[in-house]
Amino acid sequence: MNATAHIGVTGLAVMGRNLARNFARHGYTVAVHNRTPSRTRSLVQDFGHEGTFVPAETAREFVDALQRPRRLMIMVQAGAATDAVIEEFAPLLEPGDMMIDGGNAHFADTRRREAALRERGIHFVGAGVSGGEEGALNGPSIMPGGSKEAYAVLGPMLETISAHVDGEPCSTHIGTDGAGHFVKMVHNGIEYADMQLIAEAYDLLRQVAEYSPAEIGAIFRTWNQGRLNSYLIEITAEVLSHTDADTGRPFVDVVADAAGQKGTGRWTVQTALDLGTPVTTVAQAAFARSASSRPSLRTAYRSLPGGTRVPLSRSEAERFTAQVEQALYASKVIAYDQGFTLIQDAAAEYGWDIDFGAVAGIWRGGCIIRAAFLDRIRAAHTADPSLVSLLADTSFADEVIAAQVPWREAVASAARRGIATPAFAAALAYYDTLRAGRLPAALLQGQRDYFGAHTYRRTDREGSFHTHWEQPERPETSA
Ligand code: ATR
């Protein structure tokens, strides 16, 4: 077989098929392969007219169809299937060839696979791909890790098929080994937080201001014209305006209120605990989904008393709506900021040289968290590559300062009325924790020293100290 293909895609379920079509539509010759050959045949049958596909039945045929250095993209389930496919193809490749894993792998697996294949001279590129099946076909946000050399060869192709914003591609080399899959994981964690914050805003407008879902849809549509402009706000307006055809009721009222999750949000929180990064809004968002899906716990709590409900006048409802917009915006800034802190912590831990401004840049299009304010996050991180937090940037700080009173009002109103706003409250608590001059962590250190002789440091002297709690009059020991 002639080696004509610029790239090969193996694993032709929805994501793989759409990525292969995206490459072909951009003029690349694409070798296509699937464990079950019928999928390969149906791709060529249904979409062969969109470009040049080279169907391959066997692994050998597939590899032989690829120009060198070979670019072989794996689009199968994360985990054991990915390892099986790597083991099938690696022996057929030569030094300098590239394997790209476009699935949702855990970054630790990507680090392991990259190291093992590097030994064999093969570049392994773990690439996060966001945007679902629509994005895969028409332009996703792509977060590739792996070596710089691999990106030099592969990058132009990924940039061509990615989403574009203001002419700029939504793909960039994130960093070495697992950096791409790490950033994709954090993207999904931020997505969890953003969705939960929007859901809490809806709940407050529904329960406190007593607007109907359609009215709240209209409010979200207005918000989408402003600084909250984003894909998630846009689709929220659509979902809230949707009427169930069977019952004529608002769609949101006929959907069971138990949220599912696939795992990337959980990975974000687990990883953050390992790195000591307080991604509290993501954690609350993940736990809110877990709590919603625990019917017996919910039954046990259901009849317990809540807060006081006072109906609002029309003008009070309008004022409250403005407070919720402020609370949503400020909380969203915190959620994205926590995500960037997690990426910064991982970069330090794993030695990744990550351009944080560029990460914000490639999230502006193609992916679920695409939002107008990512342009400003990009500007802030580009202006100061060592920016510790968005709140260290004056334009974000000014907005959050302006929002903080209504933000508190919204959270306090929710607490008084007995409405849970875990992500709003977590974001506000994060703001107040990091703002505080003194934290009660001092007392925790005292407790730890009391029961476990863990020692403490003092504010007035260097060193570690232990108090003899059973003989408090004895001088403290300095360790
Ligand atoms: P999606 O979510 O896009 O539908 P997925 O479930 O992540 O896709 O991946 C399914 C793909 O992985 C299929 O192409 C599947 O091949 P088959 O069509 O033969 O089932 C492929 N796949 C799963 N396990 C595999 C394995 N062990 N070896 C090779 N391919 C495998």
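The values are calculated or read from the model by the stated rules, or taken from the named source; none is laboratory data. Just so you know, these numbers come straight off a predicted model, no measurement behind them. Note that we place each Cβ from the backbone using ideal geometry, even for glycine, and neighbour counts take in every protein chain shown. Calculation scope for accessible area: heavy atoms of the full protein, side chains included, ligands and nucleic acids excluded. Shrake-Rupley method; radii C 1.70, N 1.55, O 1.52, S 1.80 Å.
What to note about this one:
- Taking THR4, THR29 and ordering them by how much accessible surface each has at a 1.4 Å probe, largest first, produces THR4, THR29.
- Label sites at ASP384 and ASP203, each approximated as a point 7 angstrom past Cα along Cα to Cβ, lie 3.5 nm apart.
- When MET15, MET75 are compared by accessible area of protein heavy atoms, the largest-first order is MET15, MET75, using a 1.4 Å probe.
- Label-to-label distance, nm, for residues given as ASP398 and ASP83 (7 Å Cα→Cβ offset): 5.4
- Since only GLY365, ILE343, ALA426 are under comparison, the one whose Cα sits farthest along the positive direction of the charge dipole of segment 333-479, derived from C-beta charges on Lys, Arg, Asp and Glu, is ALA426.
- Percentage relative contact order, segment 88-176, counting C-alpha pairs under 8 Å, at least six apart: 24
- Across q = 0.13 Å⁻¹, the chain modelled as identical point scatterers on its alpha-carbon atoms has Debye log10 I(q)/I(0) values of -1.20, in the order of the q list.
- If R0 is taken as 60 Å, the Cβ-Cβ distance between ARG438 and THR247 corresponds to a FRET efficiency of 0.65.
- Euclidean distance between Cα centres, segment 276-325 to segment 198-232, Å: 15
- Extension gain from PHE465 to LEU312, taking 0.36 nm per residue of separation minus the Cα-Cα distance: 49.6 nm
- Per-residue ellipticity at 222 nm, computed for the chain from helices alone with -39500 (n - 2.57) per DSSP H run of at least four residues, works out to -17500 deg cm²/dmol.
- Segment VAL255-ALA453, extension gain: residue separation times 0.36 nm, minus the distance between their alpha carbons: 66.0 nm
- Remark: the chain carries a charge dipole of roughly 680 debye about the Cα centre, counting +1 on each Lys and Arg Cβ and -1 on each Asp and Glu Cβ.
- Take the Kirkwood radius over Cα pairs of segment 135-257, plug it into Stokes-Einstein at 20 °C and 1.002 mPa s, and you get 126 µm²/s for translational diffusion.
- Normalising the average separation of contacting C-alpha pairs (under 8 angstrom, six or more residues apart) by the number of residues puts the relative contact order of the chain at 12 percent.
- Over segment 141-282, relative contact order from alpha-carbon pairs under 8 Å, at least 6 apart, %: 20
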